[in-house]
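Contents: one structure, followed by commentary.
The values are calculated or read from the model by the stated rules, or taken from the named source; none is laboratory data. Everything numeric in this text was worked out from a predicted model, so none of it was measured. For neighbour counting, all protein chains shown are included, and Cβ atoms are generated from backbone atoms with ideal geometry for every residue, glycine included. These area figures cover heavy atoms from the full protein model, side chains too; ligands, DNA and RNA do not enter into them. Shrake-Rupley method; radii C 1.70, N 1.55, O 1.52, S 1.80 Å.
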Amino acid sequence: MGKEEPGPQGSEFTIGKENNSPTESRFTRMKKSDNSQSQLFATRLGVIAATVGSAVGLGNIWRFPYEAGVHGGGAFMIVYLVFIFLLGIPVLTAEFVLGRSTHRSVFGAFGFLKPGTRFKGIGLIGVVASLMILSFYSVVAGWTLEYFIRSFGDLFSKNGSDDFHRMFGEFTEGWRPILWTVVFLLINMLVIVRGVQKGVERASNIITPLLFVLILIFCVNSLTLSGAREGLEFLFRPDFSEISPSVVIGAMGQAFFSLSLGLGCMLTYASYFKDDTPLIRSATVTAGLDVMAAILSGILIFPAVFTYGFSPEAGPALVFEVLPAIFAQMPGGKIFAPLFFFMLFLASLSSTISMSEIMVSWLTRERGVSRRSACWLTIGIAMFFGVLCALSFSYMSGLKIAGTIEFNIFNIFDYTSSNILLPFGGMLISIFTGWQLDRNIVKKTMNEPKSWFNRFAPFVIFILKYVAPVMIFVIFVSNV
Ligand code: PHE
């Protein structure tokens, strides 16, 4: 963005350009990022594949159906869609603006644009949230590995919801989830030490489209089930009386989680964008595909839930009990089951890579840590907490604090990161972009030559300035 003219506040805010402002001395004390080393995503398609790869994952296929199930189906879905379009796309665009214009990490970007700003603290939220998510997410990703292996064996010897329920219970109460969590994190390690761009960009180009094709095939199959009508009604017919503060906060958290938003993950990826990458357009395409993956997963799961007599409120176990039931009855299920769990594993990997990159990019770019050490440190912390999360279903289940409050680290990490830290981070990112940066330069950064999407820029800025901060604040307060 070196070509940008400084705006009225140009002395302090010159996007992507080092300036000679009075704050220069403070500013130069910051370690400069080494952009010659940090490669950029090679193609536009690679940009979309990587951002969609981060966005689409367990959040869509596992978390969306379970959250929708717990929160009444249709009502949750409507609120979730409102959040994606009203808050998700603008905040995603803001993260893209911050990342692409600075080519820095979630800590560095804020200080680069406004030296000395307190908003640098968003970096801390990002690193903490990413480690929490990485920990519990790796447990679930580990489950996909177990089910992948089982789909060559006893997965099909069961029938009836009780059998699948018992199978999941017995598995998660044992030691194997701990093993799989560790294995998954080691695989994640192998990819991230190589540097993110080549591995992620290339892998995402293949994984993401294939995942969509598989989900579509399963959707068609689910629609032939006897409970299809009931399932679709549950998902698509909202009962507005069900909308409560907990539904709203759950849907907001899901929107942020699913778009990998509010913790600087997309900011970090955008720091690998070339300077001519279109931002509003990329944000819209990413959000559109992400929503599509979530809705398709709902269409895949809920008909089966009603056909086989599962409870939609089963929580985190839901998808892992329902999917095997679908595969057991579907023609070609024995082939599709391993294929699907393997894709799910890869989709998880493309998301955990992006989570890891938040801390790794900060340590390597701002703290001068070598990539290898940064990766080990990130994975080491995630492994420690990941194992504790895995134990939440077995040896540490039913743990009570002060004899009363149930203490389940898995649920606490999931709830705190998604429903509190990410929206809070998103609120601060909106305020920073909307109020602290020069409007004209932000607009210029978003715009692309002769694009139809440019007309949305003022609207995006308006949302960042007023709508997002107020809305998130009100939702927080109404939940307290
Ligand atoms: N968006 C990812 C998913 O839906 C999860 C994620 C959250 C990834 C936060 C990165 C950062 O699976």
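Couple of notes before you dig in:
- Once each of the GluC sites (Glu not before Pro) sitting in a DSSP loop with at most 13 other beta-carbon atoms within 10 Å is removed, the chain keeps 314-480 as its longest stretch.
- Applying the criteria of a DSSP loop state and at most 14 other Cβ atoms within 10 Å to the trypsin sites (Lys or Arg not before Pro) of segment 193-270 yields 194.
- Annotation: extensible slack from residue 274 through residue 216 equals 17.6 nm (criterion: 0.36 nm per residue apart, minus Cα-Cα distance).
- Length gained when the stretch residue 416-residue 206 is fully extended (0.36 nm per residue, less Cα-Cα span): 72.3 nm
- Contour minus Cα-Cα distance for residue 462 and residue 292 (0.36 nm per residue): 58.6 nm
- For the chain, the alpha carbon convex hull comes to 142 Å³ per residue, rounded to a whole number.
- 10 °C / 1.306 mPa s Stokes-Einstein diffusion coefficient of segment 261-323, Kirkwood radius on C-alpha pairs, µm²/s: 110
- Once C-alpha pairs closer than 8 Å and six or more residues apart are averaged by separation and normalised to the residue number of the chain, the relative contact order reads 33 percent.
- The loop-placed trypsin sites (Lys or Arg not before Pro) in segment 428-480, going by DSSP, that have at most 13 neighbouring Cβ atoms within 10 Å of their Cβ come out as 450.
- Over segment 262-347, relative contact order from alpha-carbon pairs under 8 Å, at least 6 apart, %: 15
- Rounded percent of accessible protein surface that carbon and sulfur make up, segment 221-364, 1.4 Å probe: 63
- Scattering profile of segment 138-271 at q = 0.09, 0.19, 0.22 Å⁻¹ [log10 I(q)/I(0), Debye over alpha-carbon scatterers]: -0.45, -1.42, -1.33
- Under the simplified labelling scheme, the residue 394-residue 229 pair shows an inter-label distance of 4.4 nm, with each label point 7 Å from Cα along Cα→Cβ.
- In summary, the convex hull built on the alpha carbon positions of segment 193-317 has an orientation-averaged projected area of 10.2 nm².
- Sorting the Cα pairs of segment 344-390 by distance into bins of 10 Å, from 0 upward, gives 26, 48, 24, 2 percent per bin.
- What the phi angles of segment 427-434 give under the Karplus curve with 6.51, -1.76 and 1.60, with θ = phi - 60°, is a coupling list of 5, 5, 5, 5, 5, 4, 5, x Hz, glycine and proline written as x.
- Summary value for segment 311-469: 11 percent relative contact order, contacts being C-alpha pairs under 8 angstrom separated by 6+ residues.
- Charge dipole (Cα centre; +1 on Lys/Arg Cβ, -1 on Asp/Glu Cβ; no other charges) of the chain amounts to roughly 1640 debye.
- Alpha-carbon centroid distance for the pair segment 91-169 / segment 256-334, whole angstrom: 13
- Measuring r between the beta carbons of residue 157 and residue 82 and using R0 = 51 Å, the FRET efficiency lands at 0.70.
- A simple spin-label model places the labels of residue 339 and residue 470 5.0 nm from each other, with each point 7 Å out along Cα-to-Cβ.
- Within the accessible area of segment 82-195, the carbon and sulfur atoms contribute 64%, probe 1.4 Å, all protein chains present.
- Per residue value of the accessible surface for the chain (all protein chains in place, 1.4 Å probe), Å²: 38
- Think of it as helices only: each DSSP H run of n ≥ 4 in the chain is worth -39500 (n - 2.57), and spread over all residues that comes to -21000 deg cm²/dmol at 222 nm.
- Exposure of residue 206 as accessible area (Å², to 10), given a probe of 1.4 Å and all protein chains: 110
- The orientation-averaged shadow of the Cα convex hull for segment 327-480, equal to a quarter of the hull surface, comes to 16.5 nm².
- Per residue convex hull volume, Cα atoms of segment 214-281, in Å³: 153
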